[in-house]
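The values are calculated or read from the model by the stated rules, or taken from the named source; none is laboratory data. Keep in mind the model is a prediction, meaning the values are calculated, not measured. Here Cβ is always computed from backbone atoms with ideal geometry, including for glycine, and neighbour counts include all displayed protein chains. Just so you know, the surface numbers come from the protein's heavy atoms only, side chains and all, with ligands and any DNA or RNA stripped out. Shrake-Rupley method; radii C 1.70, N 1.55, O 1.52, S 1.80 Å.
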Amino acid sequence: MGLAGTTAWEAIFDAGKLKASQTILILAGSGGVGLMAVQLAKNAGAHVITTTSGKNTAYVKSLGADEVIDYTQTDFSEVLSHIDLVFDTLGGDNQRAAFKVVKPGGRVISIVETTDQAAALSSQYDVNFEKINARPDKQVISTLADMFGSKKLSVRIAEDLPFTVENVRKLHRKSEAGHVVGKLILNVN
Ligand SMILES: NC(=O)c1ccc[n+]([C@@H]2O[C@H](COP(=O)([O-])OP(=O)(O)OC[C@H]3O[C@@H](n4cnc5c(N)ncnc54)[C@H](OP(=O)(O)O)[C@@H]3O)[C@@H](O)[C@H]2O)c1
């Protein structure tokens, strides 16, 4: 939870420079990092749009998403425009499509990859692009802990299993399938 929260914080506030009243598109708001980003952005006063599948729509709305796009039904790049910041947690075609919906001078911040086309698209659409790797930060962790304590942040536990070799395999397979909603826990107690 610390890594997911720190990653979301550094992507949307440090690299993304998100401000109140701006509009952010979070790709995969139901993922471990995305669910933190939705809450942090909403708490900061931004207008929050996110993508996920229909089964997760109610969940991401409960976190504060103002608009939810079901990626199995709708291509976000065909219905959105003038976005200040896209937070990319998916990469690939989603990242390439993100450039089309950002206003000139806006940003696409990825935690996944720099696609081969990122530089050309950045120049074509006059959009700032950065791929970041999260760094542990005492102040950010402390702020996130305070937000948990005051219930401004919540985390859904997708699975909480004892730390065994079989459970490590099981949760790795589950994570790699790409449809976990929330966090997977291996409990060492
Ligand atoms: N750079 C860094 O420092 C850093 C730090 C942490 C993580 N990461 C990376 O960030 C990425 C995301 O991590 P995560 O833990 O947040 O992922 P995750 O929890 O595995 O994400 C799963 C979620 O993504 C949704 N999803 C899948 N395909 C989608 C699509 N096409 N459009 C919208 N939503 C979609 C799924 O919803 P459905 O079931 O509805 O499909 C599911 O809820 C990973 O690649 C991870 O390695 C990087």
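Residue by residue, here is whether (1) open to solvent by 20 Å² or more (accessible area, probe 1.4 Å); (2) assigned by TED's automatic domain parsing to the domain that holds I109; (3) within 19 Å of V38 (Cα to Cα) holds:
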residue	(1), (2), (3)
Y71	yes, yes, yes
D75	yes, yes, no
H82	yes, yes, yes
D88	no, yes, yes
Whichever residue in the stretch 109-125 is open to solvent by less than 50 Å² (accessible area, probe 1.4 Å) and either in contact (Cβ under 8 Å) with a residue 24 or more places away in the chain or within 20 Å of V33 (Cβ to Cβ) (or both) and, among such residues, is farthest from the ligand (Cβ to nearest atom): L121
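Could you go through the stretch 143-156 and let me know if any residue there is surrounded by 13 or more Cβ atoms within 10 Å (Cβ to Cβ), more than 25 Å from V86 (Cβ to Cβ) and either near the ligand (Cβ under 10 Å from one of its atoms) or not assigned by TED's automatic domain parsing to the domain that holds D14 (or both).
The answer is yes, given that some residue of the stretch 143-156 is surrounded by 13 or more Cβ atoms within 10 Å (Cβ to Cβ), more than 25 Å from V86 (Cβ to Cβ) and either near the ligand (Cβ under 10 Å from one of its atoms) or not assigned by TED's automatic domain parsing to the domain that holds D14 (or both).
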Unique match (being more than 16 Å from the ligand (Cβ to nearest atom), under 18 Å from the mean Cα position of the chain (by Cα), at pLDDT 95 or above and open to solvent by 60 Å² or more (accessible area, probe 1.4 Å)) among N128, N133: N128
Selection status of R96, out of contact with any Ser or Thr (no Cβ under 8 Å at 6 or more places or on another chain), surrounded by 13 or more Cβ atoms within 10 Å (Cβ to Cβ) and in the same structural domain as L18 (by TED's automatic domain parsing): no
Hey, A65 closer than 29 Å to P136 by Cβ and under 11 Å from the mean Cα position of the chain (by Cα) or not: no
For D160: the one exception among (1) of a type outside the set (A, V, I, L, M, F, W, C); (2) over 17 Å from G2 (Cα atoms); (3) within 16 Å of the ligand (Cβ to nearest atom); (4) more than 18 Å from the chain's Cα centre (by Cα): (2)
Any hit, the stretch 101-108, residues being outside the structural domain of L40 (by TED's automatic domain parsing), small (G, A, S) and open to solvent by less than 40 Å² (accessible area, probe 1.4 Å): no
Conditions (1) under 22 Å from L121 (Cα atoms); (2) in contact (Cβ under 8 Å) with a residue 12 or more places away in the chain; number of the one not met by E78: (2)
